[in-house]
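Enquirer: Just dropping this structure here.
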Amino acid sequence: MKNNGVMSMIGMATKAGKTVSGEFMTEKAVKGGKALLVIVAEDASENTKKKFQNMCTYYKVPYYILGRKEQLGHSMGKEIRATLAVTDSGFKTAIEKQLNK
């Protein structure tokens, strides 16, 4: 399942300090030009999904809906997370490669 590869890449990116998570920090990264890829949980609220879809479209940041809040949080070694942003081009490329398998 491609989710497992993506989740392990998110874990590695987090250990390397190349992710931010939570709505506030993800939004700050997108608007500040630091976010290269955004992932929103499938079970995030419709409002959250729409907000990040619009924001990512405007700022031209790739946006994916993937996994559940628990999965995203667990892959980062944290509690539940509805959103996260990847801030490193190498991890962005590796995650997109997993997503497009």
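The values are calculated or read from the model by the stated rules, or taken from the named source; none is laboratory data. This is a predicted model, so every value here is computed, not measured. FYI the Cβ positions are ideal-geometry reconstructions off the backbone, even for glycines, and counts take in every protein chain you see. Accessible surface areas use protein heavy atoms only, side chains included; no ligands, DNA or RNA. Shrake-Rupley method; radii C 1.70, N 1.55, O 1.52, S 1.80 Å.
Enquirer: Can you pull out the residues in region 52-77 that are among the basic types (K, R) and either open to solvent by 90 Å² or more (accessible area, probe 1.4 Å) or over 14 Å from the mean Cα position of the chain (by Cα) (or both)?
Expert: Matches in region 52-77: K60, R68.
Enquirer: When only residues in region 34-48 that are within 20 Å of E79 (Cβ to Cβ) and not small (G, A, S) count, which is most open to solvent (accessible area, probe 1.4 Å)?
Expert: Filtering first and then ranking leaves E42.
Enquirer: Only one of these conditions is not met by K31: (1) open to solvent by less than 90 Å² (accessible area, probe 1.4 Å); (2) touching a helix residue (DSSP H, G or I) at 6+ places or on another chain (Cβ under 8 Å); (3) modelled with pLDDT of 95 or more. Which number is it?
Expert: In the conditions (1) open to solvent by less than 90 Å² (accessible area, probe 1.4 Å); (2) touching a helix residue (DSSP H, G or I) at 6+ places or on another chain (Cβ under 8 Å); (3) modelled with pLDDT of 95 or more, K31 misses (1) alone.
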